[in-house]
1. Do we have Ala38 as at pLDDT below 85 and closer than 19 Å to Phe102 by Cα here?
2. Residue under question is Ile105, and the condition is that it be of a type in the set (A, V, I, L, M), modelled with pLDDT of 90 or more and either in contact with a helix residue (DSSP H, G or I) (Cβ under 9 Å, 6 or more places away or on another chain) or at negative phi (or both); does it hold?
3. Among Lys194, Lys222, which is within 22 Å of Leu63 (Cβ to Cβ), free of Cβ contacts under 8 Å to residues at least 40 places away in the same chain, loosely packed, with under 14 Cβ neighbours inside 10 Å and charged (D, E, K, R)?
4. Which condition number in (1) modelled with pLDDT of 85 or more; (2) surrounded by fewer than 24 Cβ atoms within 10 Å (Cβ to Cβ) is the one that Gly175 fails?
5. Take Leu84 and tell me if it is at pLDDT 80 or above, exposed (fewer than 13 other Cβ atoms within 10 Å of the Cβ) and under 14 Å from Leu228 (Cα atoms).
6. Sort out for me the helices (runs of 4 or more DSSP H) sitting completely within region 138-223 that have 3 or more residues that are within 12 Å of the chain's Cα centre (by Cα).
7. Do we find that Leu215 is in contact (Cβ under 8 Å) with a residue 40 or more places away in the chain, within 26 Å of Val71 (Cα to Cα) and either crowded, with 19+ Cβ neighbours inside 10 Å or of a type outside the set (Val, Ile, Thr) (or both) in this structure?
8. Answer yes or no: is there a residue in region 88-96 that is crowded, with 16+ Cβ neighbours inside 10 Å and either hydrophobic (A, V, I, L, M, F, W, C) or modelled with pLDDT under 80 (or both).
Amino acid sequence: MLYILPGVLLPFFGTAIGGASVFLLSERLSSSEKVMSAFAAGVMTAASVWSLIIPATEMCFFLGRLAFLPVVIGILIGSAVMVLCERSYSKTKSAARTEKRFAAITLHNLPEGMAVGLMFSRYLNEGTDSALAGAFAFSLAIAIQNIPEGAIIALPDYSKGQSKLRAFGLSVLSGAVEPSGAILTLIAASLAEKALPCLFGFAAGTMLYVIADGLLDRDEEKPTAVPLCFIVGFSLMMTLDVALG
């Protein structure tokens with residue numbers, strides 16, 4: 001079983017490579033926070049839709065027009081978790097935004113790691129070369145996707161005055177959950193497979209909440225109202241598209 005360990009660790013290395021980009025900078029990018037936030041929002045939106053929501057909906061094809069249900073439930077739970085996180089922040093707005101981005105990427109990495117573990121568990125069950133090649137290909141694709149995700153944690157943190165080593169460490173920490181999720185899935189593959197659609201939705205919900213919170217005008221008296229309305233609108237449109245499409 002040790003020979004599949006490099007494949008399980010590939011996504012983690014992708015995140016670490018992205019985080020290591022901070023060491024290539026000769027000076028702080030203090031004026032680029034908005035640019036990096038916009039880049040992060042683009043990466044997170046694409047990952048939410050194409051890497052999480054669409055695959056999760058396809059996993060629930062057997063539910064027919066109700067294929068949206070586990071995913072929407074996961075999205076709403078993920079958003080609720082971010083609301084609880086929002087209320088626990090006591091730092092400045094900019095620091096809180098960095099922490100929320102870190103939390104969203106970290107939570108997003110867990111179901112990705114579980115998906116990698118599921119691919120390798122299928123190989124262990126089937127024992128075919130094609131299953132092994134497919135598992136490594138999937139893991140490599142996740143690793144490539146994780147490179148910009150590692151960067152969007154490390155670079156803004158460094159631009160706010162933190163050390164390069166701390167920014168890199170924060171990025172690496174966000175990716176550490178992926179091999180953990182993969183190993184847990186290898187141990188309990190059948191249970192994890194059933195839970196993946198909801199977990200993917202959960203991760204998408206956390207990321208979409210952070211995107212809405214960072215890009216939309218928010219009510220300072222009710223800071224969670226705007227991102228929550230965004231989540232509800234997104235979920236409603238997704239429900240109608242899957243159920244009636």
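1. The answer is yes for Ala38.
2. No.
3. Answer to the check: Lys194.
4. Every condition holds for Gly175 apart from (2).
5. When the stated conditions are applied, Leu84 passes them.
6. Filter on region 138-223 gives 189-215.
7. yes
8. yes
The values are calculated or read from the model by the stated rules, or taken from the named source; none is laboratory data. Note that the structure is predicted; figures quoted are calculated from it, not measured. FYI the Cβ positions are ideal-geometry reconstructions off the backbone, even for glycines, and counts take in every protein chain you see.
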